[in-house]
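Contents: one structure, followed by commentary.
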Amino acid sequence: MTERVLPLVVRIERAAPPRRTDALEAAATAVVRLLDRAENRAQNRAEDGGEWSDEVAEWQDGRIRKVVRRARGAEWRRALALPGITVTVRTAEVRVHPPVPLDDWPRDLARLQVSGTELFDDAAPPEAGPGDVVLWVNPRLEMTAGKAMAQAGHGAQFAWWGAGEADRAAWRERGFAVRVRTAGPARWDALAASGLPVVRDAGFTEIAPGSTTVVADAPWLRVGVPEV
């Protein structure tokens with residue numbers, strides 16, 4: 001089996017970088033939109049969906065590894081010319097591409113930089129609502145925006161896996177919107193112990209292997225889970 005990785009490209013122009021939270025939410029939404037589009041073909045539910053279902057299936061059988069790279073100007077335009085889906089969330093644009101072999105990236109993606117994704121918020125994001133899909137980030141970890149985008153993508157994928165058909169349909173109607181928020185230390189501890197899906201990092205970059213990075217929270221995941 002070919003080991004595959006999911007490429008995510010965030011647009012970071014020098015004069016107008018996106019806000020960090022916007023980039024994380026765009027990345028998470030992009031992952032789910034790709035999963036939904038691939039499944040359309042597998043279930044024959046849409047004539048215009050289902051691209052890359054074989055690549056996505058092979059990737060999901062492995063480590064669901066995601067790598068975030070940055071682009072601007074002509075680099076971004078070249079990324080747009082490759083197969084993929086672009087998601088815009090407020091100030092952020094993120095493009096997700098179908099999973100590629102770990103050692104055989106398309107040239108225009110392979111040449112993009114992984115470093116340089118230090119993004120910041122200039123205001124606190126609003127509180128998430130009770131019906132939102134929320135990806136809670138571990139407050140005790142230091143991660144670049146690129147690393148955190150990949151972790152948010154993992155969390156969104158866990159929420160997708162845990163959703164039934166009706167849940168997915170309702171989420172689809174909302175454009176697969178998510179909220180990414182950093183939990184306070186006490187809340188994080190409660191969330192991590194609650195039984196909700198927890199992302200544990202493989203430790204390829206930035207943080208130690210096994211670190212818990214994100215807890216996925218959605219109405220359909222809370223069944224039987226204590227309120228936190």
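Determine the relative contact order of the range 1-130: mean sequence separation of Cα pairs under 8 Å and six or more apart, normalised by residue count, in whole percent.
The normalised contact order for the range 1-130 reaches 42 percent.
Hey, if we sort Arg179, Arg168, Arg70 by accessible area with the 1.4 Å probe, largest down, what's the order?
Final ranking, largest accessible area leading: Arg179, Arg70, Arg168.
What net charge is computed for the residues neighbouring Arg14, neighbours being all others with C-beta under 14 Å from the C-beta of Arg14, Lys and Arg scored +1, Asp and Glu -1?
My count for the surroundings of Arg14 gives 0.
I'd like the distance between the alpha-carbon centres of the range 117-188 and the range 54-97, rounded to an integer number of Å.
18
What per residue convex hull volume, in Å³, comes out for the range 1-147 when only alpha-carbon positions are used?
Cα convex hull per residue, to the nearest whole number: 138 Å³.
Using θ = phi - 60° and the Karplus relation 6.51 cos²θ - 1.76 cosθ + 1.60, list the HN-Hα couplings for the range 25-33 in order, rounded to whole Hz, with x at every Gly or Pro.
My calculation for the range 25-33 gives 5, 5, 5, 5, 5, 4, 4, 5, 4 Hz in order.
Give the Debye-formula value of log10 I(q)/I(0) at each listed q (0.16, 0.24, 0.28 Å⁻¹), with one equal scatterer per alpha carbon of the range 115-180, two decimals each.
-0.64, -1.17, -1.35
Leaving out ligands and nucleic acids, note down the accessible area per residue over the range 125-228 with a 1.4 angstrom probe, in whole Å². Please report the intermediate quantities before stating the final value.
On the way: 4620 Å² over 104 residues.
Using a 1.4 Å probe on heavy atoms only, each residue of the range 125-228 averages 44 Å².
From the phi of every residue in the range 52-68, what ³J(HN,Hα) in whole Hz does the Karplus formula 6.51 cos²θ - 1.76 cosθ + 1.60 yield, where θ is phi - 60° and glycine or proline is x?
Using θ = phi - 60°, the values come out as 6, 4, 5, 4, 5, 4, 5, 5, 5, 6, x, 9, 6, 5, 10, 10, 9 Hz.
How large a share of the accessible area of the range 1-149, in percent, is made up of carbon and sulfur atoms when the probe is 1.4 Å and the other protein chains stay in place?
On the range 1-149, the fraction of accessible area on carbon and sulfur atoms equals 46 percent.
Rounding to the nearest 20 debye, state how big the charge dipole of the chain is about its Cα centre with +1 on each Lys and Arg Cβ and -1 on each Asp and Glu Cβ.
Computed about the Cα centre, the dipole is about 520 debye.
Could you list which residues have their amide H under 5 Å from that of Val133, counting only those 5 or more apart in sequence or on another chain, with H placed in the peptide plane?
Amide H to amide H, under 5 Å and 5 or more residues apart or across chains, Val133 pairs with Arg179.
Search the structure for amide H atoms under 5 Å from the amide H of Thr117, placed 1.01 Å from N in the peptide plane, and list their residues when 5 or more places away or on another chain.
Amide H to amide H, under 5 Å and 5 or more residues apart or across chains, Thr117 pairs with Gly146.
For Arg69, list long-range residues whose amide hydrogen, built 1.01 Å from N in the peptide plane, is under 5 Å from its own amide hydrogen.
The answer is Leu8, Val9, Val10.
Mind grabbing the accessible area of Val223 for me, 1.4 Å probe, Å², rounded to tens?
Its accessible surface works out to 120 Å², give or take rounding.
Report the relative contact order of the chain, percent, no decimals, based on alpha-carbon pairs under 8 angstrom and at least 6 residues apart.
26
Could you work out how much longer the chain between Asp104 and Val225 gets when fully extended? Use 0.36 nm per residue separation minus the Cα distance between them, nm to one decimal. List each step's numbers first, then the result.
Numbers: separation 121, 0.36 × 121 = 43.56 nm, distance 4.17 nm.
Between Asp104 and Val225, full extension yields an extra 39.4 nm.
Restricting attention to the range 49-100, which GluC sites (Glu not before Pro) occupy a DSSP loop and are surrounded by at most 12 other Cβ atoms within 10 Å?
Counting only loop positions with at most 12 other Cβ atoms within 10 Å, none of the GluC sites (Glu not before Pro) in the range 49-100 qualifies.
Give me the percent of DSSP beta bridges within the chain that run antiparallel, rounded to the nearest 5.
65
The values are calculated or read from the model by the stated rules, or taken from the named source; none is laboratory data. Owing to the predicted nature of the structure, the values given are computational and were not obtained by experimental measurement. When we count neighbours, we look across all protein chains shown, and the Cβ atoms used for this are built from the backbone with ideal geometry, even at glycine. SASA here: full protein model, heavy atoms, side chains in, ligands and nucleic acids out. Shrake-Rupley method; radii C 1.70, N 1.55, O 1.52, S 1.80 Å.
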